[in-house]
Amino acid sequence: MGNARIAVLGAGANGASIGADLLDAGHDVTLIEQWPAHVERMREAGLTVVSEGEARTVRPRAIHLCEVAEEREPFDAVLMLMKAYDAKWSAQLIAPHLAEDGVMAGVQNGMTTGAVRDAIGAERTVGAVIECSATMFEPGLVYRHTGRESAWFATGLLEGGDPARESVVAELLSAAGRVEHFEDIESAKWMKLVSNATLLVSSAILNLPMLDAMRLTGYRELMIELGEEALRVGTALGYATLPIFGLAVEEVRDPARVVENMTDKLFAGFVRPGATTTVLQDWQRGRRSEADDLNGLVVREAERLGLDAPANRRVLEFARRIERGVLRPDPMHLADMRAF
């Protein structure tokens, strides 16, 4: 990449940790963030990332979201790590600041590649999938649960995309983890949504770390039902069943075993003790979560197709009540979530 200017748009837990990896790899990185205290702390004391008990501090260039309009030099590459529900407006925000020969990738949960394409065109768009776990509750301090050796990313192109630009994104993400190419990136993203639908919202409703939720009687069965509904909806939408984050091809051949195999692979390779989901972290900070972009998307697409997704609908109802302040996350909700 030479002297290319790289922007990480959304420097939360995952964005900040990836930004730190890019800095360590020698890239010219600007972190763009909407949490004012986080930006100020990075400016004053740097960004500290704690992984496997070891802390490292880097000194990134960090700017507030409102300062994007003051940027005079274009960015050659943008990695967007905003929440899925912020994808459309944030892609439009950064679009005028992307070089004509630049590239942007939405390294996010949810089906957000289209929002990037609509903002900058297919030629400059790269689709991406992320499997990485980190938490951040204090400004300037990230706890990364999935280190470089276990973090996983996928990249791919939409119709009209440029393979050379995909190579740029893959090179950047390789500083933070393993990267795979997928010819059908949208199917790969839906497979990640299937995985997310099983775990992110449901364990947050229980107010538990992921591994702790998995130990509850009946929780694994709930996860499988959520994922199988999402997989059926994806199949009806025309998405292929693909082996993501290290699954073998044979592990996705039997439709009856796909979600179970994905769940086992996820917990064996990526989930660490004490790690909570992004949804629970958002709720603990009083923020809106991505529930509507995960289980909610499954429900909406199922309804549009004339299908049913009762488990996902039930989980979504609980999430919405929590976000309205009607309920608090609690393990006691498991029995009611399974009552569909």
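Checked across the range 222-239, the condition of being part of a loop (DSSP other than H, G, I, E, B) and either outside the structural domain of residue 156 (by TED's automatic domain parsing) or surrounded by fewer than 18 Cβ atoms within 10 Å (Cβ to Cβ) (or both) holds for at least one residue.
So that you can scan it fast, the table gives a plain yes or no per residue for (1) without any contact (Cβ under 8 Å) to a residue 60 or more places away in the chain; (2) touching a strand residue (DSSP E or B) at 6+ places or on another chain (Cβ under 9 Å); (3) surrounded by 18 or more Cβ atoms within 10 Å (Cβ to Cβ):
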| site | (1), (2), (3) |
| --- | --- |
| 6 | no, yes, yes |
| 23 | yes, yes, yes |
| 40 | no, yes, no |
| 46 | no, yes, no |
| 56 | yes, yes, no |
| 60 | yes, yes, yes |
| 66 | yes, no, no |
| 70 | yes, yes, no |
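Within the range 282-318, the set of residues being more than 23 Å from residue 86 (Cβ to Cβ) and either of a type in the set (Val, Ile, Thr) or touching a strand residue (DSSP E or B) at 6+ places or on another chain (Cβ under 8 Å) (or both) is empty.
From 155, 146, grab the single residue that is closer than 30 Å to residue 63 by Cβ, polar (S, T, N, Q) and modelled with pLDDT under 95. Spell out the reasoning first.
Numbers: 155 fails: modelled with pLDDT under 95.
Exactly one of 155, 146 is closer than 30 Å to residue 63 by Cβ, polar (S, T, N, Q) and modelled with pLDDT under 95, namely 146.
Within the range 281-306, take every residue that is crowded, with 21+ Cβ neighbours inside 10 Å and without any contact (Cβ under 8 Å) to a residue 60 or more places away in the chain and give me the one that is farthest from residue 320 (Cα to Cα). By that ranking, first place goes to 299. Condition first: surrounded by fewer than 19 Cβ atoms within 10 Å (Cβ to Cβ) and either in contact with a Gly (Cβ under 7 Å, 6 or more places away or on another chain) or outside the structural domain of residue 268 (by TED's automatic domain parsing) (or both). Can you find one or more residues in the range 188-195 that meet it? Within the range 188-195, none of the residues are surrounded by fewer than 19 Cβ atoms within 10 Å (Cβ to Cβ) and either in contact with a Gly (Cβ under 7 Å, 6 or more places away or on another chain) or outside the structural domain of residue 268 (by TED's automatic domain parsing) (or both).
The values are calculated or read from the model by the stated rules, or taken from the named source; none is laboratory data. None of the values given here were measured: they were computed from a predicted structure. Because the Cβ atoms are built from the backbone with ideal geometry, glycine has one as well, and the counts that use them run over all protein chains shown.
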